[in-house]
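These notes are about the structure you will find just below.
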Amino acid sequence: MAKPQILLPDLGVHNRDLGAARSRLIKGQSYRDLSTVCVIPLHPKRDGVHPRVVQAWMNLMAPMNQKFTRLFLTNMEVGDAYTAAVETILAHPELSTWKYLLTLEDDNLPPADGLLKLYESIETGPYAAVGGLYWTKGAGGQPMIYGDPAVLPRNFIPQVPVPDTVQPCNGLGMGFTLFRLALFKDPKLTTPWFKTVQETGKSFTQDLYFFNNAVAQGYRFASDNRVLVGHYDQGEDLVW
């Protein structure tokens, strides 16, 4: 039998502590323009997107009533895919006015609240891009937090992650990384923005090619180590 109650007026949990509710909204930045194009290049040699990965994508939370769309790219080399995606966005009358570009790769499993945390860290920090923390595949995997900006000359040596911090770096992977779209409108950063380079004395994956050029122009980047991203190895059926 239900316990007898006398029902009194109730303002609600959030109204009872309006200061705390207000602080939460400000911290989450959900009242700002967070319009985002999510770019997903599909690996031409991979047999589809694994259900583990799809599940993580479907659970990804986006802010209420904010513009968010996904752009898939197929049958392209990854550097060419990212450059083509940015060119398409900047040429589009609507998407070119949006604020953010989110890169998401087809073997990365972001946490459900990962995007919300990336918005928080980029909106409150001096960064042109922030990324979730993930590792290269294998037992000897390295964190994709490349180069300490405080160490000269500039380098892209993987840093040791500092837990639960937004850690400055010179470069990131692109498995789950949020960029300010304005970055690609800077005439000092010319196309192709992303390029895989294999030359004598010079070797860059498409991500570090971009970050090397952007850091040289004074842009700052960071890894949000609160956002822990899995990296799925389909051959081993293992998340690193």
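The values are calculated or read from the model by the stated rules, or taken from the named source; none is laboratory data. Quick caveat: nothing in here was measured; it's all calculated off a predicted structure. We place every Cβ from the backbone using ideal geometry, glycine too, and count neighbours over all the protein chains shown.
Looking across the stretch 54-75, the residues that are of a type in the set (A, V, I, L, M, F, W, C) and either surrounded by fewer than 17 Cβ atoms within 10 Å (Cβ to Cβ) or closer than 29 Å to ALA91 by Cβ (or both) come down to VAL54, TRP57, MET58, LEU60, MET61, ALA62, MET64, PHE68, LEU71, PHE72, LEU73. Test each condition in (1) of a type in the set (Val, Ile, Thr); (2) surrounded by 11 or more Cβ atoms within 10 Å (Cβ to Cβ); (3) part of a loop (DSSP other than H, G, I, E, B) for ILE6 and report the one that comes out false. Evaluating ILE6 over (1) of a type in the set (Val, Ile, Thr); (2) surrounded by 11 or more Cβ atoms within 10 Å (Cβ to Cβ); (3) part of a loop (DSSP other than H, G, I, E, B) leaves (2) as the failure. Residues in the stretch 126-142 that are in contact (Cβ under 8 Å) with a residue 24 or more places away in the chain and within 23 Å of LEU102 (Cα to Cα): PRO126, TYR127, ALA128, ALA129, VAL130, GLY131, GLY132, LEU133, TYR134, TRP135, THR136, LYS137. Every listed requirement among (1) touching a residue at least 60 places away in the same chain (Cβ under 8 Å); (2) farther than 20 Å from ILE122 by Cα is met by GLN198 save one, (1). Within the stretch 111-158, the only residue that satisfies the criterion of being surrounded by 21 or more Cβ atoms within 10 Å (Cβ to Cβ) and polar (S, T, N, Q) is SER121. Evaluated against (1) under 19 Å from PRO41 (Cα atoms); (2) at pLDDT below 95, PHE184 falls short on exactly one condition, (2).
None of ALA139, ALA128 is in contact with a helix residue (DSSP H, G or I) (Cβ under 7 Å, 6 or more places away or on another chain) and hydrophobic (A, V, I, L, M, F, W, C) except ALA128. Does ASP164 count as free of Cβ contacts under 8 Å to residues at least 24 places away in the same chain and surrounded by fewer than 23 Cβ atoms within 10 Å (Cβ to Cβ)? In short, no.
Matching residues to (1) acidic (Asp, Glu); (2) in contact with a strand residue (DSSP E or B) (Cβ under 8 Å, 6 or more places away or on another chain):
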site	(1), (2)
GLU105	yes, yes
LEU116	no, no
GLU120	yes, no
GLY125	no, yes
GLY131	no, yes
THR136	no, yes
PRO158	no, yes
